[in-house]
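Peer 1: This is the structure, below, for whatever I ask next.
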Ligand SMILES: Nc1ncnc2c1ncn2[C@@H]1O[C@H](COP(=O)(O)OP(=O)(O)O)[C@@H](O)[C@H]1O
Ligand SMILES: [Mg+2]
């Protein structure tokens, strides 16, 4: 549905994005995750045909963003970083106005406005002035204007920024509900957002894509070993030698509360053997679970690695 190939954008000497590539399948939600200044907004502005890239190409629903910008714009709904709202209009007037700008005519304008109000749960505030509604509602109006012409693709630039925790949850739920019917790219600098809402994550740092994958696979990608945590009832009787004797085990690190982290070679699944050893020796197995990195750790590792490499070369 969305195919981004080697996009780069230079602002004078500043390289805002450098060779960015990724794809998004139909109906998927992709998180574009990176710290401030990473190049998220730049990429989104290029994909929505707001400005050209320096080099590279992208296709949206099969249309090239440079050769067929009108076709692309028709299929995209864009929620920019700064909401394009008119505070002196009511929600209804504003959405009607947007529907007309997007080329809808006659009865279609009302149908589209009604549908956007319904999808974004704006019924209660439809007749109120935009200046008088809460930040959370304003963000919904921003979403409503993005999807009013029922585009196949939604591009949402930091859609939860500046909202309170309750509003954040509401907007995330709303966005999740829009996937399937729409293909969505959402940018965020907040890690839990990527895990809460998206199937696929592209991590961008200093203009470069440093990882593209599903959340689980991202964790696996930078794992150097398999780690399992066990917790036993009789930690005193545990013999580390016996654990180290299990095939593939590299290390056994005692923790507090009867827990041990058992580290094994990458790709080695010896959980059955570990469980058997603990049970057969009567150490009292209470718990056993794989230790995976959270996206947060992955993000930090990838972005910090990138920084140190750059520092080394500069
Ligand atoms: N109009 C501009 N002129 C010069 N530099 C810019 C401009 N817009 C963005 N940049 C720079 O490009 C980089 C990426 O910015 P941006 O795409 O806004 O990142 P993000 O949205 O991830 O915070 C930053 O270093 C930023 O300072
Ligand atoms: Mg931005």
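Peer 1: With the requirement that a residue be in contact (Cβ under 8 Å) with a residue 12 or more places away in the chain, surrounded by fewer than 16 Cβ atoms within 10 Å (Cβ to Cβ) and part of a strand (DSSP E or B), what does segment 48-69 give you?
Peer 2: 55, 57, listed by residue number.
For every residue, the table says whether it meets (1) modelled with pLDDT under 90; (2) part of a loop (DSSP other than H, G, I, E, B); (3) in the same structural domain as residue 6 (by TED's automatic domain parsing).
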| site | (1), (2), (3) |
| --- | --- |
| 162 | yes, yes, yes |
| 166 | yes, no, yes |
| 170 | yes, no, yes |
| 203 | no, no, yes |
| 210 | yes, no, yes |
| 250 | no, no, no |
| 272 | no, no, no |
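Peer 1: Can you tell which of 16, 38 is assigned to a strand (DSSP E or B) and either within 16 Å of ligand 1 (Cβ to nearest atom) or at pLDDT 95 or above (or both)? Give the steps one after another, and end with the answer.
Peer 2: On the way: 38 fails: assigned to a strand (DSSP E or B).
Of 16, 38, the one residue that is assigned to a strand (DSSP E or B) and either within 16 Å of ligand 1 (Cβ to nearest atom) or at pLDDT 95 or above (or both) is 16.
Peer 1: Is there a residue in segment 15-31 that is within 13 Å of ligand 2 (Cβ to nearest atom), closer than 22 Å to residue 156 by Cβ and assigned by TED's automatic domain parsing to the domain that holds residue 191? Working first, answer last.
Peer 2: Restricting attention to segment 15-31, the residues satisfying the condition of being within 13 Å of ligand 2 (Cβ to nearest atom) are 16-17.
Okay, now just the ones that are also closer than 22 Å to residue 156 by Cβ, so 16-17.
Remaining after also requiring assigned by TED's automatic domain parsing to the domain that holds residue 191: 16-17.
Yes.
Peer 1: Restricting attention to segment 23-40, report how many residues are in contact with a strand residue (DSSP E or B) (Cβ under 7 Å, 6 or more places away or on another chain) and surrounded by fewer than 20 Cβ atoms within 10 Å (Cβ to Cβ). Explain how you work it out, then say what you get.
Peer 2: First pass over segment 23-40, keeping only residues in contact with a strand residue (DSSP E or B) (Cβ under 7 Å, 6 or more places away or on another chain): 23-24, 26-35, 38-40.
Checking which are surrounded by fewer than 20 Cβ atoms within 10 Å (Cβ to Cβ) leaves us with 23, 26-28, 35.
Qualifying residue count, segment 23-40: 5.
Peer 1: How many of the residues making up segment 87-114 are within 29 Å of the chain's Cα centre (by Cα) and within 25 Å of residue 46 (Cα to Cα)?
Peer 2: 4
Peer 1: Is at least one residue of segment 20-42 more than 22 Å from the chain's Cα centre (by Cα) and in contact (Cβ under 8 Å) with a residue 24 or more places away in the chain?
Peer 2: Let us first name the residues in segment 20-42 that are more than 22 Å from the chain's Cα centre (by Cα), namely none.
Looking for residues that are more than 22 Å from the chain's Cα centre (by Cα) and in contact (Cβ under 8 Å) with a residue 24 or more places away in the chain, one finds none in segment 20-42, hence no.
The values are calculated or read from the model by the stated rules, or taken from the named source; none is laboratory data. Quick caveat: nothing in here was measured; it's all calculated off a predicted structure. Neighbour counts run over all protein chains shown; Cβ positions are idealised from the backbone, glycine included.
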